[in-house]
Amino acid sequence: DPRQMDWGKSYVKIKSQNVSPYATIFYTLFGMFCFYGFFGGVQILDIFQADVSELGKRMSVSPVKKGRYILGGLVAVFSLNVISNLLLIVYLNWALKVSLFTDYPSSISLILAGNLVGITMGVWLGSNSRLSPQIKMGLGIGIPLFLAMLSGMMSVNIKTMIMRSLPWLDQINPVSIVTSGLYRINLLGNHNYYSRGIFILLTLSAVFALLSVRALRRRSYDSF
């Protein structure tokens, strides 16, 4: 009954928050940093392949277990890349005095999942022996920069335009997933999309890993 309503009561709670316009750029920087493991993934696969490196020729005829070698190399690359991410956090917090994180466990989990995508993408492209090392390195530089550009590193307006015109592209862009996830978790306290972001990142990693395994299993070499 409208007569029983309290018309003087406000049912909408208005909150304001001061956010630096550079926050998105910093979060995008972390998303791009996750992809630096790409180079390690490419290098490990280049060393392993007999038609790419001399060491690969020796390994193909030696009793060395290739799977164990590749797994060990990927663990090393993953660890080094995560350490570099943590050092970046330390540098921003204590050297530049830029406080970007309020929920470290969730933020670091998102960064770890992003690192897996970068490394597995590098392994996938590294498993393609038709591409020269120079082209692979060029892709390793260009792809993260392009994804970071779509995520708002050059301008927040670009990310806004992508979200309005091509929302599906923003939702599968791993750099954008890390950027948006860190922004929502630390500045808005919103964890609604956190699980979905982790799931998409892990799914992308699994897809790249499966494509790499398929490519390597079909590989055969002539006698040297």
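The values are calculated or read from the model by the stated rules, or taken from the named source; none is laboratory data. For clarity, every value in this text was computed on a predicted model and none was experimentally measured. Ideal geometry is used to build each Cβ from the backbone, glycine not excepted, and the neighbour counts take in all protein chains shown. Note: accessible area is taken over every heavy atom of the protein model, side chains too, but ligands, DNA and RNA are not part of it. Shrake-Rupley method; radii C 1.70, N 1.55, O 1.52, S 1.80 Å.
Remarks
- Output for the range 149-171, where each listed residue is assigned to a loop (DSSP other than H, G, I, E, B) and either among the aliphatic types (A, V, I, L, M) or at pLDDT 85 or above (or both): SER151, MET153, MET154, LEU166
- Sole exception among (1) over 17 Å from the mean Cα position of the chain (by Cα); (2) at pLDDT 85 or above; (3) closer than 30 Å to ARG214 by Cα for LEU112, by number: (1)
- If you go through the range 26-43 and pick out every residue that is touching a Gly at 6+ places or on another chain (Cβ under 7 Å) and open to solvent by 50 Å² or more (accessible area, probe 1.4 Å), you end up with 2.
- Within the option set ILE185, ILE143, ILE119, being among the aliphatic types (A, V, I, L, M) and surrounded by fewer than 21 Cβ atoms within 10 Å (Cβ to Cβ) holds for one residue only, ILE143.
- Checking each residue in the range 188-204 for being within 25 Å of ILE119 (Cα to Cα), open to solvent by 20 Å² or more (accessible area, probe 1.4 Å) and in contact with a Ser or Thr (Cβ under 8 Å, 6 or more places away or on another chain) picks out TYR193, TYR194, ILE198, LEU204.
- Positions within the range 126-140 being farther than 18 Å from PHE33 by Cα and open to solvent by 20 Å² or more (accessible area, probe 1.4 Å), in sequence order: ASN128, SER129, ARG130, LEU131, SER132, PRO133, GLN134, ILE135
- The criterion of being in a helix (DSSP H, G or I), out of contact with any His (no Cβ under 8 Å at 6 or more places or on another chain) and among the hydrophobic types (A, V, I, L, M, F, W, C) does not hold for LEU131.
- When the residues of the range 90-110 are filtered to those that are part of a helix (DSSP H, G or I) and under 16 Å from ALA23 (Cβ atoms), the one that is most open to solvent (accessible area, probe 1.4 Å) is ASN93.
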